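Worksheet: the structure to be examined is printed underneath.
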Amino acid sequence: MRIRSYHSDDCQAILSLFYETVHRINRRDYTQEQIEAWANNNKIDPIAWDLSLIHHKTLVAEMNGIIVGFGDLNGNFLDRLYVHAEYQRRGIATAIMDRLELYVAEQNYVTIVTHASITAYPFFRDRNYQLVKEQQVERHGVFLKNMIMQKKLDIK
């Protein structure tokens, strides 16, 4: 596995990965209506995604030339972390997060914060993230539950 910085030509593959992961993995924890509100190809703006990923600290994981995961930070806020549905439980999210947490610590932040889905909650809990609070977020008129979580970082 190779982890590298995001490039604009990755955007279409990342959008496909995002859509497939939400529809295949997150559906075990959310209703079909919630999944459609979260990841609907008719409502995803590729230009906005590309600009966001460029302006954030975005890392992409590749295996054999295939993008298998990505994660992005805005300051000390982990905005997105997704692993391809076919590549779950292979250490990809862990490898991305190890690098992103190190980057946040190098920027002298004391904590890293994320809004974890129900599906991702155990992953972050196992990485010593603490639950701050549960919340309902609105996506295209539909409410989805997620958890605000944070982790205190070791600054060396």
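The values are calculated or read from the model by the stated rules, or taken from the named source; none is laboratory data. Predicted model, so just to flag it, every value in this text is computed and none were measured. Quick reminder, even Gly has a Cβ in these numbers, built from the backbone with ideal geometry, and neighbours come from all protein chains shown.
Starting from residues that are assigned to a loop (DSSP other than H, G, I, E, B) and of a type in the set (D, E, K, R), keep the ones in segment 111-156 and report whichever is surrounded by the most Cβ atoms within 10 Å (Cβ to Cβ).
Arg127
Being in contact with a Ser or Thr (Cβ under 8 Å, 6 or more places away or on another chain) and either under 25 Å from Asp9 (Cβ atoms) or not hydroxyl-bearing (Ser, Thr, Tyr) (or both) narrows it down to one of Gly65, Gly91, Gly71, Gly75, so name that one.
Gly71
For residues in segment 69-98 being charged (D, E, K, R) and closer than 20 Å to Val113 by Cα, which is surrounded by the fewest Cβ atoms within 10 Å (Cβ to Cβ)?
Filtering segment 69-98 for residues that are charged (D, E, K, R) and closer than 20 Å to Val113 by Cα, the one surrounded by the fewest Cβ atoms within 10 Å (Cβ to Cβ) comes out as Asp98.
Look at segment 2-58 and say how many of its residues are free of Cβ contacts under 8 Å to residues at least 12 places away in the same chain and β-branched (Val, Ile, Thr).
Matching residues across segment 2-58 total 2.
Is it the case that Ala37 is among the aliphatic types (A, V, I, L, M), under 19 Å from Leu144 (Cβ atoms) and touching a strand residue (DSSP E or B) at 6+ places or on another chain (Cβ under 7 Å)?
So Ala37 passes the test.
What residue, among those in segment 100-110 that are of a type outside the set (A, V, I, L, M, F, W, C) and buried (at least 16 other Cβ atoms within 10 Å of the Cβ), is farthest from Asn26 (Cα to Cα)?
Tyr109
Looking at Ile3, Ile66, Ile44, Ile14, can you tell me which residue is hydrophobic (A, V, I, L, M, F, W, C), farther than 27 Å from Leu131 by Cα, modelled with pLDDT of 95 or more and surrounded by fewer than 17 Cβ atoms within 10 Å (Cβ to Cβ)?
Just one listed residue meets the conditions, Ile66.
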